[in-house]
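Values quoted throughout were computed directly from the atomic coordinates according to the rules given, and no laboratory measurement underlies them. Here the structure is a predicted model, which is why all the values come from computation and not from measurement. Cβ: placed from backbone, ideal geometry, glycine included. Neighbour counts: every protein chain shown.
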Amino acid sequence: MTVKSADRVIDILDLLKDFPDGLTLKEIANKLSLPQSSTYHLLQTLEKRGLLLVTERKSYKLGPKLIQIGTRALQTLDINTEAQPHLRKLMEQVEETVFMAVMIEQELVYVAKIDNPRSVRTSAQIGMRKPMYCTGLGKAFLAFLPEPVKENIVADMEMPAITSNTITNKHELNEQLSVFRKQGYAIDDGENESGLYCLAAPVYNASGEMVAAVSVSGPKDRVYPRSEEIVEELLKTAKTISERAGFRKGGE
């Protein structure tokens, strides 16, 4: 049995996550096929509890209390909690931005971001979803997931160009993923954000399943010349986090 009002609250929050500038009462009611009167009361309650904010143009957007809730939810993810000190150590060693992401519903979702003082601004933020085919973290998943899983994901995937470097051909992507699998890490060469170079490696759990990916990102003119050094530290960090999650390669 489900509670209708609770369902509607979840639908509203889920809808607004895709509209960072907010939606008006009428837009929310129309998109969710809900009566405006009951939607208004739900929005008022959510606003009073800090889950929503109202902008000057009377549109509703996600509120600050969701950050607290989301942060606490991330802390309950063992892999994220275990990874934090190792991600920070990696950032200090390579002096570039470090990310960790998981895969949800065939999309990449960022769960950790450790900025370096000289980090360049990127669009990626904790909780944000990104495509798999054009990000280093996403391509790490595609390269190291079991082949049948990867094939199903790629078969259903649309691949529009995000930058002039974005790979939009599935055959070319599969060839690249094969190389990444052999070398042990994936690369994003300005395919999601122009000028950024990303190196990413897989993280496994005790059952040997890939559960996350870790990356180092920065301007290509800084990262590419140091890629050998950065990859060495990245792979060590991914291995350490995997071991902390109970992974033992080859049943060691």
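Brief remarks follow.
- Choice from 31, 17, 220 with maximal GNM fluctuation in the chain (Cα, 10 Å cutoff): 31
- Loop-located GluC sites (Glu not before Pro) across segment 3-65 with a Cβ neighbour count of 10 or fewer within 10 Å are 56, with loop assigned by DSSP.
- Approximate spin-label separation residue 14-residue 168, in nm, with each point projected 7 Å along Cα-to-Cβ: 3.2
- Helices in the chain, meaning DSSP H runs of at least 4 residues, each add -39500 (n - 2.57). Divided by all residues, the mean residue ellipticity at 222 nm is -14000 deg cm²/dmol.
- With the convex hull drawn around the C-alpha atoms of the chain, the volume per residue stands at 167 Å³.
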